[in-house]
Amino acid sequence: RMENVEVDESQIASIMETVNKKLEWLSKEEIIKRFVSLEFNRFLDYYKNARDINAKDEGKSGKRDNRKGSDNNRNFRGKKGENGSFARLFLNMGKKDGIAPKQIISMVNENTKDRDINIGSIDVLDSFSFFEVGEKHKTKVLNAFQKSEFNGRRVKVELAGEKPTGGSKGGKKKKKKKNQYA
């Protein structure tokens with residue numbers, strides 16, 4: 001960006017004398033180092049809490065476990081919120097839309113402009129997904145997705161109902177076989 005910036009001499013002429021006086025004690029190399037450091041430090045600050053994507057996390061089975069960044073649907077919970085509770089959210093996109101857990105995490109980070117949001121379980125299904133965020137961040141996340149798009153498609157995030165526990169509510173009842181010897 002710095003190489004390609006168009007310099008408008010007439011716009012900056014009035015302040016250049018002050019800038020030159022302010023920086024006259026620095027050599028050309030020192031100015032370049034400081035300029036690069038300003039940008040690099042901003043970049044480092046942005047990613048300071050990100051996990052190391054090159055680090056291997058060995059689980060009990062000895063297999064690699066990417067947790068938050070994996071493409072599978074692990075029920076991994078990141079750092080717990082203040083009270084340990086998560087809000088379950090519905091996302092109107094799934095595998096058919098090219099969504100994977102890492103895209104959901106990226107969308108939360110980008111839309112909220114906050115990398116400190118606790119993300120819990122992520123379940124990506126064919127045409128929709130569910131993900132959890134720390135209860136205290138629920139409203140921020142819901143508001144951040146109001147005008148969001150992914151691959152040109154409108155993204156909708158809503159508060160989901162309770163997670164099914166695997167019970168038989170609403171399912172077909174099994175017919176009992178009559179004992180032929182009774």
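For the stretch 111-130, which residues satisfy the criterion of being without any contact (Cβ under 8 Å) to a residue 40 or more places away in the chain and farther than 15 Å from Arg154 by Cα?
Just the residues of the stretch 111-130 that are without any contact (Cβ under 8 Å) to a residue 40 or more places away in the chain, to begin with: 111-114, 117, 125-129.
Once the filter is applied, which keeps residues that are without any contact (Cβ under 8 Å) to a residue 40 or more places away in the chain and farther than 15 Å from Arg154 by Cα, the stretch 111-130 yields Thr112, Lys113, Asp114, Ile117, Leu125, Asp126.
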Practice prompt. With the checklist (1) under 26 Å from Ser148 (Cβ atoms); (2) outside any helix (DSSP H, G or I); (3) modelled with pLDDT of 85 or more in hand, flag the one item Leu26 doesn't pass.
Written response: (1)
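The values are calculated or read from the model by the stated rules, or taken from the named source; none is laboratory data. Values in this document were obtained by computation on a predicted structure and should not be read as measured data. Cβ atoms come from the backbone with ideal geometry, glycine included; neighbour counts cover every protein chain shown.
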